[in-house]
1. Glu330 versus (1) open to solvent by 30 Å² or more (accessible area, probe 1.4 Å); (2) out of contact with any Gly (no Cβ under 8 Å at 6 or more places or on another chain); (3) of a type in the set (Asp, Glu): which is the lone unmet condition?
2. Report those helices (runs of 4 or more DSSP H) wholly inside segment 1-118 carrying at least 3 residues which are without any contact (Cβ under 8 Å) to a residue 40 or more places away in the chain.
3. I'm trying to understand the selection: among the residues of segment 244-260, which are surrounded by 16 or more Cβ atoms within 10 Å (Cβ to Cβ) and either within 15 Å of ligand 2 (Cβ to nearest atom) or closer than 27 Å to Glu285 by Cβ (or both)?
4. Name the residue that is nearest to Phe247 (Cα to Cα), counting only residues in segment 147-191 that are hydrophobic (A, V, I, L, M, F, W, C) and free of Cβ contacts under 8 Å to residues at least 24 places away in the same chain.
5. Kindly indicate the residue of segment 261-296 that is of a type in the set (Val, Ile, Thr) and away from ligand 1 (no atom under 16 Å from the Cβ) and also least open to solvent (accessible area, probe 1.4 Å) among those meeting that condition.
6. Restricting to segment 186-226, name every residue that is more than 13 Å from ligand 2 (Cβ to nearest atom) and in contact with a strand residue (DSSP E or B) (Cβ under 6 Å, 6 or more places away or on another chain).
7. Applying the selection to segment 220-243, what residues are out of contact with any Leu (no Cβ under 8 Å at 6 or more places or on another chain), hydrophobic (A, V, I, L, M, F, W, C) and within 16 Å of ligand 1 (Cβ to nearest atom)?
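The values are calculated or read from the model by the stated rules, or taken from the named source; none is laboratory data. Keep in mind that what you see is a predicted model, and the values were worked out from it rather than measured. For neighbour counting, all protein chains shown are included, and Cβ atoms are generated from backbone atoms with ideal geometry for every residue, glycine included. Just the protein is used for accessible areas: all its heavy atoms, side chains included, with ligands, DNA and RNA removed. Shrake-Rupley method; radii C 1.70, N 1.55, O 1.52, S 1.80 Å.
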Amino acid sequence: MSAEQTTHLTLRRPDDWHLHLRDGEMLKGVLPDTSRHFARAIIMPNLVPPVVTTEDAAAYRARILAVLPKEHRFTPLMTLYLTEQTQAADVAAGRASGLITAVKLYPAGATTNSHGGVRDLDKVMPVLEKIAEIGLPLCVHGEVTTPEVDIFDREAVFIDTVLDPLRRRLPELKVTMEHVTTQDGVEYIRAADRNLAGSITTHHLIINRNALLVGGIRPHYYCLPVAKREVHRLALRAAATSGDPRFFLGTDSAPHVDPLKECGCGCAGIYTSINTMSCLAHVFEQENALDRLEAFTSLNGPAWYGLPANEERITLHRREAPLAFPAKIETGAGPVTVFDPMFPLHWDVVDA
Ligand code: NCD
Ligand code: ZN
């Protein structure tokens, strides 16, 4: 298949392996943008207060399903927010009941609503040992929080000082390195012979750190981990479009209302749910890899999480005229700016 000739693309329905849906009015406002195209998503537990116990996760799942548009078919895959108080037995029960798909490790202070995260890995070793024993994936926000470490180096330092020692200590632990943003991360995943995979966001395939700062400060391109140099963006594109089963989509779509982004200390997070599939088709077309888009969005993730790929299909159509996405969506919580890839989008999801 040659990229120039392709105008229709049919894929298994995609899944999003890292998504922030929030709660209340925001949840109601953003959920349809995901459930319109995606069959499943791993739902991040960093609410205020966080989703810590199996009971919290069951209640959150019910709140999501309660506002799901009736015509959409969507399964939220729930996660638990690991704290130094997490009980191994609760995690095991959540897994056994089928409710819990993964546990999320946030180093305390690494990102939005992570102050309740882990300060001392020794304190959570019994839980991590249980997670390893039952084969539950640990989703890791891979950044150190040490103030002395430059923010652009935090992922690479995390790999060397936290992740690699942890994986050596518990080789049976299955780790998802979430939102990989560096060449170092890509190489570390490629070098592992087992029990390591990585999700990649849509926006990190498109922007580098210049997007944040050139011509003025642009808060809608600020997310964590922060976008890095061009060399890293290119490494991420190569990994995502390679077909390597260890890399899959986790959009990390993370809505914040505009007043919380456009202010003296703006929140981290980029909202991409609404145009992710269009952006990804564009990227894969640029890389001459449209035939590998399905592996990235619909096959590699389920294989890693031990779930079947979706049987349903979606079709994308390449239109001559650029698509018109809204600059913002209106939610009951306030307006949320939509990711602007800074190029016209032509791929439209026509049948989902
Ligand atoms: C996320 C959020 O807002 O919850 N922000 C982000 O920039 N990605 C948190 C996270 O995933 O780090
Ligand atoms: Zn996230």
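1. Result: Glu330 fails condition (2) only.
2. Qualifying helices (runs of 4 or more DSSP H): 54-66, 88-96.
3. Answer for segment 244-260, where residues must be surrounded by 16 or more Cβ atoms within 10 Å (Cβ to Cβ) and either within 15 Å of ligand 2 (Cβ to nearest atom) or closer than 27 Å to Glu285 by Cβ (or both): Asp244, Arg246, Phe247, Phe248, Leu249, Gly250, Thr251, Asp252, Ser253, Ala254, Pro255, His256.
4. Out of the qualifying residues, it is Ala191.
5. Among them, the one singled out is Val283.
6. Residues satisfying the conditions are Ile189, Leu196, Ala197, Gly198, His220.
7. Within segment 220-243, Cys223, Leu224 qualify.
Matching residues to (1) of a type outside the set (Ser, Thr, Tyr); (2) at pLDDT 95 or above; (3) surrounded by fewer than 18 Cβ atoms within 10 Å (Cβ to Cβ):
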{"site": "Met1", "(1), (2), (3)": "yes, no, yes"}
{"site": "Thr10", "(1), (2), (3)": "no, yes, yes"}
{"site": "Met26", "(1), (2), (3)": "yes, yes, no"}
{"site": "His37", "(1), (2), (3)": "yes, yes, no"}
{"site": "Val52", "(1), (2), (3)": "yes, yes, no"}
